[in-house]
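Working notes for the structure below.
Only the coordinates and a few stated rules stand behind these numbers; no lab work does. From a predicted model like this one, the values you see are computed outputs, not experimental measurements. Note: ideal-geometry Cβ built from the backbone for every residue, glycine included; neighbour counts use all protein chains shown.
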Amino acid sequence: MKKIGLITSGGDCSGMNACIRSAVRTALRMKIEVVGFRKGYLGLMKGDEIPLDSKAVSGIMHRGGTFLQTARSPEFRTLEGQKKAVEMLKEKDIDGLVILGGDGSLSGALALHQLGFPVVGIPASIDNDIPFTDMALGVDTALNNIIYAVDCIKDTASSHARAFVIEVMGRNSGYLASVAAIASGAEYALVPEREFDLSEICQQLRQRFEEGRDNAIIILAEGVAKGEDIANSIKDAIGFETRVTVLGHYQRGGAPTVFDRLLASRLGKSSVEMLVAGNHGVMAGLSCNNIIATPLDEVIRGAKRPQDEMLRLAEVLGI
Ligand code: ADP
Ligand code: F6P
């Protein structure tokens, strides 16, 4: 392998820069040239490249987001778009591509592999909904961001004896909500994977307030319900003031945690080593603290249920 390409695609997350840095340094050590394409598959189809030498990736370890930028490209979902990308890669003499992104981006990686182009995927999504990796890049940082915010909100909630509904990301995944509820000591986590009875929750909350509790925190995964609707139901049922905080994209940014910096460095290095070893069409993931390669078609077919253990833990803890 003489030249490899790299893209970050889909939703950004903290640790992407650290991962690019590691992949570039690993490749340069092997005397392999590296280029990045701006804005994921969009830039790849256009050939919008940036040469990545060691200077290009210096000083980026601690920065959230992705300096290569990211995007969503409907065109790349089509076979024409995917062929265009392969043509571009060939035109630029690129022998292999590392793709960082969530399940959508990894489906795109599988499409390129099925067209015969050597790729390795890296799971990067705060939703932690990608199978065959214990953790995806960015999850730990997002959780730490959430916990910081919940702790702050708890202070003001208890000063005013209020109930707060805090909405976190995870359109179809309740991982962030359940883990954040467990780690912040919240009263409830409302997640897509588990049905809940709001009137029962309200009854329990009223009892807690009557027993002298001065605040309540309900972590809501986006997509389950509207925060305002939940808050209004609670207010009507227990009579206490309620407020809603939507954490939104705050969760996705910020300096990566040590865990994410290390995971990024390990995945970046392994992805290049996999490409060079001819281990293509796979995703590099973390399993029992080892970096493993799983075929992308298994990753895309597989269903991650990280919720199972977290939900059991939440249940035992009364969340
Ligand atoms: P994420 O990677 O964070 O899950 P998306 O689901 O938006 O984000 O996917 C990012 C991009 O990956 C899409 O804009 C599209 O270009 C590409 N992509 C998504 N799904 C597929 C698919 N099934 N086949 C080919 N490309 C896809
Ligand atoms: O990266 C995953 C995710 O954070 C989801 O939880 C969320 O619904 C989505 O991205 C929102 O991303 P955007 O606003 O960039 O479309």
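Distance from the Cα centre of the range 220-257 to that of the range 127-147, in angstrom?
Measuring centre to centre over Cα atoms gives 20 Å.
Which ordering of 267, 317, 100 is given by a fewest-first count of other beta-carbon atoms within 10 Å?
Placing the least packed residue first, the sequence is 317, 267, 100.
Within 15 Å, Cβ to Cβ, of residue 273, how many net charges do the neighbouring residues add up to if Lys/Arg are +1 and Asp/Glu are -1?
Counting the neighbours of residue 273, the net charge comes to +4.
Tell me, what HN-Hα J-couplings in whole Hz come from the Karplus equation 6.51 cos²θ - 1.76 cosθ + 1.60 at θ = phi - 60° for each residue of the range 135-152, using x for Gly and Pro?
Rounded to whole hertz, the list is 9, 8, 5, x, 5, 5, 5, 4, 5, 5, 4, 5, 4, 4, 5, 5, 4, 4.
May I ask for the Rg/Rh ratio of the range 1-92, computed from Cα atoms with Rh as the Kirkwood radius, given to two decimals?
Result: Rg/Rh = 0.98.
When 230, 50 are ordered from fewest to most other Cβ atoms inside 10 Å of their Cβ, what list results?
Fewest-to-most Cβ neighbours within 10 Å comes out as 50, 230.
Taking only Cα atoms, what is the 0 to 90° angle, nearest 10, from helix 198-210's long axis to the longest principal axis of the chain?
Around 60 degrees separate the two axes.
At 7 Å along Cα-to-Cβ for each site, give me the label-to-label distance between residue 232 and residue 211 in nm.
Spacing of the two 7 Å Cα→Cβ label points: 3.0 nm.
Compute the relative contact order of the chain as a whole-number percentage, counting only Cα pairs closer than 8 Å that sit 6 or more residues apart in sequence.
24 percent
Report, by chain and number, residues whose modeled amide H sits under 5 Å from the one on residue 240, excluding near sequence neighbours (fewer than 5 apart, same chain).
Under 5 Å from the amide H of residue 240 lies no amide H from a residue far enough along the sequence or on another chain.
Of all the stretches in the chain, which is the longest one without any exposed loop site, taking GluC sites (Glu not before Pro) in a DSSP loop (any state but H, G, I, E, B) with at most 14 other Cβ atoms within 10 Å?
The answer is 1-194.
Which angle between 0 and 90 degrees, to the nearest 10, do you get for helix 79-91 versus the longest principal axis of the chain when only C-alpha atoms count?
The answer is roughly 50 degrees.
If contacts are Cα pairs under 8 angstrom and at least 6 residues apart, what is the relative contact order of the range 139-253 in percent?
Reported as a whole number, the value is 40 percent.
Between the range 152-197 and the range 26-75, what is the separation of their alpha carbon centroids in Å?
Each part reduced to its Cα centre gives a spacing of 36 Å.
FRET efficiency for residue 90 and residue 28, Cβ-Cβ distance as r, R0 = 25 Å, nearest 0.05?
0.65
Show log10 I(q)/I(0) for the chain at q = 0.11, 0.13 Å⁻¹, two decimals, from a solvent-free Debye sum over equal Cα scatterers.
The computed values of log10 I(q)/I(0) come out as -0.68, -0.87.
How high is the relative contact order of the range 247-301? Use alpha-carbon pairs under 8 Å, at least six apart in sequence, and give a whole percent.
23 percent
Among DSSP beta bridges lying fully in the chain, give the percent that are antiparallel, nearest 5.
So the antiparallel bridges in the chain amount to around 20 percent.
Measure nothing fancy, just the Cα-based angle from helix 16-29's long axis to the longest principal axis of the chain, in degrees from 0 to 90, nearest 10.
For 16-29 against the chain, the angle is about 30 degrees.
Taking a virtual spin label 7 Å from the Cα of residue 62 along the C-beta vector, which residues in the range 9-33 bring their backbone nitrogen under 19 Å of it?
Once the point is set 7 Å along Cα→Cβ of residue 62, 14-22 turn out to lie under 19 Å by backbone N, inside the range 9-33.
I'd like to know which of 43, 13, 26 lies farthest towards the positive end of the charge dipole of the range 1-66, counting +1 on Cβ of Lys and Arg and -1 on Cβ of Asp and Glu.
Positive-end residue among those listed: 26.
For residue 3, list the lysines whose Cα falls under 27 Å from its own Cα; do not include residues on the same chain fewer than 8 positions away.
Here the lysines satisfying the reach criterion relative to residue 3 are 31, 39, 46, 55, 83, 84, 90, 92, 269.
Label the range 113-155 by shape, choosing from rounded, prolate and oblate, from the square roots a ≥ b ≥ c of the eigenvalues of the Cα gyration tensor; if a/c is under 1.5 it is rounded, and otherwise prolate applies when a/b is larger than b/c, oblate when it is not.
Prolate is the answer for the range 113-155, as a/c is 1.5 or above and a/b outweighs b/c.
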